[in-house]
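S.K.: Below are the structure tokens for one structure; questions will follow.
The values are calculated or read from the model by the stated rules, or taken from the named source; none is laboratory data. Remember, it's a predicted structure, so these values are computed and weren't measured experimentally. Using ideal geometry, Cβ is built from the backbone for each residue, glycine included, and neighbour counts are taken over all protein chains shown.
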Amino acid sequence: MTFIDFKKLLLDADISLPKFSKLIKVSEKNIQAYKKKKEIPNTIAVIAACFASMKDANIDYKEIIEALNLKAKTKEGAGFAKKEPKEKENSKI
């Protein structure tokens, strides 16, 4: 699915890209990155299509998704460890 088709589905689902990303707990930045690739992954495309169909059938998909209590993924690993703020070194004047 192209990014343009994806955006059309979001319009059909009556949801903005920021609200969509927040609802499914995926970074908006990650979804925007697909704009450069001009293609949306299948899973994201399926979600958007389902949301549009559910909206058309007057089903409140937002309530259903919120009830899942989805958790946003956090970056883990050596490169993503929280770093302690460096203390200012006393400089000699």
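S.K.: Out of everything in the stretch 12-25 that is farther than 15 Å from GLU66 by Cβ and not aliphatic (A, V, I, L, M), what residue ends up being surrounded by the most Cβ atoms within 10 Å (Cβ to Cβ)?
M.R.: ASP12
S.K.: With modelled with pLDDT under 90 and either surrounded by 10 or more Cβ atoms within 10 Å (Cβ to Cβ) or of a type outside the set (Lys, Arg) (or both) as the only criterion, which of GLU39, GLU63, GLU28, GLU84 stands out?
M.R.: Details: GLU39 fails: modelled with pLDDT under 90; GLU63 fails: modelled with pLDDT under 90; GLU28 fails: modelled with pLDDT under 90.
GLU84 is the lone residue from the list that is modelled with pLDDT under 90 and either surrounded by 10 or more Cβ atoms within 10 Å (Cβ to Cβ) or of a type outside the set (Lys, Arg) (or both).
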